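Remarks on the structure that follows.
The values are calculated or read from the model by the stated rules, or taken from the named source; none is laboratory data. Predicted, not measured: the structure shown is a model, and the values here were computed from it. Cβ sites come from the backbone with ideal geometry, for glycine too, and all protein chains shown count toward neighbours.
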Amino acid sequence: MDPAFERHCSELVARERSGHTAVVLDSLLYVWGGYMSIGDEEVFIPRDEIWVYDLEGGRWQVFHMTGDVPPSMSGTCGCCLNENMYIFGGCDDSGQTNQMFCVDLTDGKYVWKKILPLLGSAPSPRDKLSCWVYDGKIIYFGGYGHKVLADISNRNRNFILDEPSWVENLFWGWNNEVHIFDPVQRCWTEPQTHGRPPAPRAAHASTALGSRGYIFGGRVVETRTNDIHCLDFESWTWTEIVPLSSSPVGRSWHTLTAVSETSFFLFGGLSNDCKPMSDGWLFDTETKKWREFEHPYKNKPRLWHTACSSKDSDVVVFGGSCDYILLVDSGHCNDALVFQIEPHPLFRICEDYIAKNVRTLERLRNQLPCLPPKVLQAVQRRIAFYRPSKKQNNSQNPV
């Protein structure tokens, strides 16, 4: 790579945004879509760009996308399966959609493909839904969108009307439907679930642990809930989990992230009293107890952000808003917050120590060539991560 271009890339930072999609694959964070505010206008992020952040080296790059490029939109549901990023639903300039697209994240070409099902029908148009990946399939739940009157009449238990929102034969509202997409067969199915399902909702959060999918919170009408529900992917049975401890307050536009085989991490969101939240919580599915998690980002509330699991149980939060976006929509963010949930392994501790101190300790710097090649390469990426920022350089060398 040309050195001048490499320096340019090192100073790149992804645009601020909310309602975007983000996934992690091989220590790289991929970010697409969402919207930002310019003056009094809400502007979608360009649809033909994908931002890639090296979680170990601390550098952003942006790439041009081609192919069947999706519309610019927010509120789409994204996930990573077989090294492809899939997106479904979302809201564009024409309203909610039920289109699906995928892009290979490994070939460096970033060519979008629009997926047309061979069997079954896609769910009705919706946004602010969630999904789980299990057994090579994508399982979608909930969201806010529109249906024709006939579908509402037949399935009113799965759909709550947003009373003021209707146009001719289309009615908007919240649903609690479960839909499965099989990328290999390119087919949609709707399983027969058992047990008592969660109430319809949108802007909730979900994560998967083993063969179970969990959801927490979300909004329906004017209520933001704090309930936990679990869906068993083998028996398709819903179970509500009643915590044996005090619980986080009800919220929407928050995130859940699996951090172990039995626990997940909750961060941020918008509370019932419309307060942007910055609290973090851990839930243990075995003890059924919540524990508030202390972290250094208490002054950084976030809602409609993304959160991805990284190596060593770290959670990477990107973007989102620090405002109540339905009233004040100017606080979109573009920083990445890394939450260390568990103690790091010894190799990671040593790697970070070297990276943080190599510039000031000459002896340490002189011993770097003694490291095995693969270890040296890993350490050099971490050194790049801890490099002084442009802002720090300017403060140390004022003009």
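One residue is enough: does segment 181-193 have a residue meeting the conditions in contact with a Gly (Cβ under 9 Å, 6 or more places away or on another chain), crowded, with 22+ Cβ neighbours inside 10 Å and assigned to a loop (DSSP other than H, G, I, E, B)? No, because not a single residue in segment 181-193 is in contact with a Gly (Cβ under 9 Å, 6 or more places away or on another chain), crowded, with 22+ Cβ neighbours inside 10 Å and assigned to a loop (DSSP other than H, G, I, E, B). Residue check: Ser252 meets all listed conditions (1) buried (at least 18 other Cβ atoms within 10 Å of the Cβ); (2) touching a residue at least 60 places away in the same chain (Cβ under 8 Å); (3) not acidic (Asp, Glu) but one, namely (2).
Go through segment 33-74 and count every residue that is within 17 Å of Asp93 (Cα to Cα) and either within 15 Å of the chain's Cα centre (by Cα) or assigned to a loop (DSSP other than H, G, I, E, B) (or both).
Here the count works out to 14.
Is at least one residue of segment 70-91 surrounded by fewer than 16 Cβ atoms within 10 Å (Cβ to Cβ) and touching a strand residue (DSSP E or B) at 6+ places or on another chain (Cβ under 6 Å)? There is no residue in segment 70-91 that is surrounded by fewer than 16 Cβ atoms within 10 Å (Cβ to Cβ) and touching a strand residue (DSSP E or B) at 6+ places or on another chain (Cβ under 6 Å).
Restricting attention to segment 256-309, the residues that are surrounded by fewer than 17 Cβ atoms within 10 Å (Cβ to Cβ), touching an Asp or Glu at 6+ places or on another chain (Cβ under 6 Å) and part of a strand (DSSP E or B) total 0. Return the residues of segment 221-240 that are part of a strand (DSSP E or B), over 11 Å from Pro198 (Cα atoms) and touching a strand residue (DSSP E or B) at 6+ places or on another chain (Cβ under 7 Å); say none if nothing qualifies. Once the filter is applied, which keeps residues that are part of a strand (DSSP E or B), over 11 Å from Pro198 (Cα atoms) and touching a strand residue (DSSP E or B) at 6+ places or on another chain (Cβ under 7 Å), segment 221-240 yields Arg224, Asn226, Asp232, Thr237.
If you go through segment 134-180 and pick out every residue that is in a loop (DSSP other than H, G, I, E, B), over 23 Å from the mean Cα position of the chain (by Cα) and among the acidic types (Asp, Glu), you end up with 1. So, in segment 333-368, exactly how many residues are more than 25 Å from the chain's Cα centre (by Cα), exposed (fewer than 14 other Cβ atoms within 10 Å of the Cβ) and assigned to a loop (DSSP other than H, G, I, E, B)? Within segment 333-368, residues that are more than 25 Å from the chain's Cα centre (by Cα), exposed (fewer than 14 other Cβ atoms within 10 Å of the Cβ) and assigned to a loop (DSSP other than H, G, I, E, B) number 4.
So for segment 106-125 (the condition being in the same structural domain as His332 (by TED's automatic domain parsing), part of a strand (DSSP E or B) and acidic (Asp, Glu)), does at least one residue qualify? There is no residue in segment 106-125 that is in the same structural domain as His332 (by TED's automatic domain parsing), part of a strand (DSSP E or B) and acidic (Asp, Glu). Taking segment 194-206 as the range and being over 13 Å from Phe233 (Cβ atoms) and assigned to a strand (DSSP E or B) as the test, the residues that pass are Ala202, Ala205.
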